[in-house]
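The values are calculated or read from the model by the stated rules, or taken from the named source; none is laboratory data. From a predicted model like this one, the values you see are computed outputs, not experimental measurements. Cβ: placed from backbone, ideal geometry, glycine included. Neighbour counts: every protein chain shown.
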């Protein structure tokens, strides 16, 4: 078979699976879903705040010496995205609890956005089922004190009704992004979330579910009858994808890593 025919077949198959891209043009910051704020000299787990699941923000002003500094956390349950002055540095888990920071010296704002992936229901750790961050948090071995801890009501209500502003091309901190799209193709069944980090999605006010780049499946099934031929809304909350030009796609087939 000639290369031109192969290319045409490939293009046809690809365009059928990835039916359409969705531009996310607007942004709403997380302060709209802040819960009751807590002040503490030490890290507090979700359990101490009366939370069973969801997201927490841990924030502290830290003094960096300049150059390379090691951030270490004693317990991470289960996933923490690390931001310094609004810039994503990386992520931490209970299996990877240290991160090197290379930044100029001075007072900086450290934010740790933490997600509880799930509860332990069996095995020896069932009696130690705390979630969030707890224990010591240190910079070069020196404990960080003075935390502002904020529960985040990510799944409370329909985030499409928040106060959005147009994205201006600068990197996004964790927040909600909104896009509007038409869906005339009746074969569309999935939302392709590949290329994103960890977060949650809604279409037309309906919560579809969560996603994580580490998982094999990178698409979410859209319930039958949810999409309209015109004027649909997509809302995305993501912990790590700060690219203001990032897009999602509709798909006629499930997508896997």
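For the stretch 50-67, a residue qualifies if it is at pLDDT below 95 and over 14 Å from residue 142 (Cα atoms), and the qualifying residues are 50, 51, 52, 53, 54, 66, 67. Across the stretch 191-203, not a single residue is classified as more than 17 Å from the chain's Cα centre (by Cα) and surrounded by fewer than 17 Cβ atoms within 10 Å (Cβ to Cβ). Looking at the stretch 51-93, the strands (runs of 3 or more DSSP E) lying wholly inside it that each contain 1 or more residues that are within 20 Å of residue 39 (Cα to Cα) and touching a residue at least 40 places away in the same chain (Cβ under 8 Å) sit at 55-64, 67-77, 79-84. Scanning the stretch 42-62 for residues that are touching a strand residue (DSSP E or B) at 6+ places or on another chain (Cβ under 7 Å) and exposed (fewer than 13 other Cβ atoms within 10 Å of the Cβ) yields one hit, 61. Taking the listed residues 156, 168, 163, 243, the one that is over 15 Å from the mean Cα position of the chain (by Cα), part of a loop (DSSP other than H, G, I, E, B) and within 17 Å of residue 113 (Cβ to Cβ) is 156, with no other qualifying.
In the set (1) in contact with a strand residue (DSSP E or B) (Cβ under 7 Å, 6 or more places away or on another chain); (2) surrounded by 17 or more Cβ atoms within 10 Å (Cβ to Cβ), the condition left unmet by residue 241 is number (1). Checked against (1) loosely packed, with under 14 Cβ neighbours inside 10 Å; (2) assigned to a loop (DSSP other than H, G, I, E, B), residue 209 passes all but a single condition, namely (2). The residue list 174, 186 contains one member that is free of Cβ contacts under 8 Å to residues at least 24 places away in the same chain and either surrounded by fewer than 16 Cβ atoms within 10 Å (Cβ to Cβ) or touching a helix residue (DSSP H, G or I) at 6+ places or on another chain (Cβ under 7 Å) (or both), which is 186.
Of the numbered criteria (1) in contact (Cβ under 8 Å) with a residue 40 or more places away in the chain; (2) in the same structural domain as residue 40 (by TED's automatic domain parsing); (3) crowded, with 17+ Cβ neighbours inside 10 Å; (4) out of contact with any helix residue (DSSP H, G or I) (no Cβ under 9 Å at 6 or more places or on another chain), the one residue 101 fails is (1).
Yes/no matrix, rows are residues, columns are (1) outside the structural domain of residue 228 (by TED's automatic domain parsing); (2) farther than 22 Å from residue 53 by Cα:
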{"residue": "129", "(1), (2)": "yes, no"}
{"residue": "142", "(1), (2)": "yes, yes"}
{"residue": "146", "(1), (2)": "yes, yes"}
{"residue": "167", "(1), (2)": "no, yes"}
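Within the set 136, 177, the sole residue that is farther than 22 Å from residue 240 by Cα, outside any helix (DSSP H, G or I) and either at pLDDT below 95 or touching a strand residue (DSSP E or B) at 6+ places or on another chain (Cβ under 9 Å) (or both) turns out to be 136. Scanning the stretch 228-256 for residues that are closer than 11 Å to residue 182 by Cα and touching a helix residue (DSSP H, G or I) at 6+ places or on another chain (Cβ under 8 Å) yields a single hit, 233.
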